[in-house]
Amino acid sequence: MVGAATPTSAAVAATVAQVVPSTGSPVVVELGPGTGSLSDGIHARLPAGARHLGIELGADMVAHLREHKPWLEVVHGDAGDLVSVLAEHRIDRVDAVVSSIPWSLLDDEAQGHILEQAAEVLAPNGAFTALTYVPAERTRNARRFRERLHETFDEVLTHTTWRNFPPILHYICRRPLV
Ligand SMILES: C[S@@+](CC[C@H](N)C(=O)[O-])C[C@H]1O[C@@H](n2cnc3c(N)ncnc32)[C@H](O)[C@@H]1O
């Protein structure tokens, strides 16, 4: 479920935070915030009046986040329920979806289901980001995920952060095609 041996590094967090708007009143949703290693960088960049939700499946992670990151709206739930979670929180558009769930371990159906919802909730200028491990990129599920990103978004950019073990591949996607 976690799909990681260690939390991601500060270098990864710094790259991820760049997709988050620093002005206005943006809404940012993190899928799988875990212990919150990306959440701090995102929080530091967000303006007052922003909303920052984290949807996390692991009960122990949820308890940790609620104790240590009081500014994060933590939802104990499944990223696969993104649309209904946002409706419950009266959110109708999202400026950035930051996902670090273990995409390459998800089966085809689960990947598609979560990705469709992320594309559906994004604002027109919104960004979807996903993190995967470079060494996992050759697996079938990772290849399928990459293809699916290209089927779902008009723009798919990549960036590698080598200062992480293992190195991280970032996908930064905009303009959903659906
Ligand atoms: C690799 S960890 C990433 C944690 C942290 N964001 C980081 O980058 O260090 C993946 C996290 O996603 C959570 N997760 C896995 N599947 C999920 C799902 N379907 N919905 C919500 N969270 C999920 C796991 O419980 C875990 O906390």
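Read-outs: derived from the displayed coordinates by stated rules, not from any lab. Values in this document were obtained by computation on a predicted structure and should not be read as measured data. Don't worry about glycine lacking a Cβ; one is built from the backbone with ideal geometry, like all the others, and counts go over all protein chains shown.
The alpha carbon radius of gyration of the stretch 1-103, expressed as a multiple of 2.2 N^0.38 Å, is 0.98. With R₀ fixed at 41 Å, the C-beta to C-beta distance from R138 to H76 puts the FRET efficiency at about 0.75. By the combined test of axial Cα extent (at least 27 Å) and Kyte-Doolittle hydropathy (mean at least 1.0), none of the DSSP H helices of the chain qualifies. Across q = 0.14, 0.20 Å⁻¹, the chain modelled as identical point scatterers on its alpha-carbon atoms has Debye log10 I(q)/I(0) values of -0.68, -1.59, in the order of the q list.
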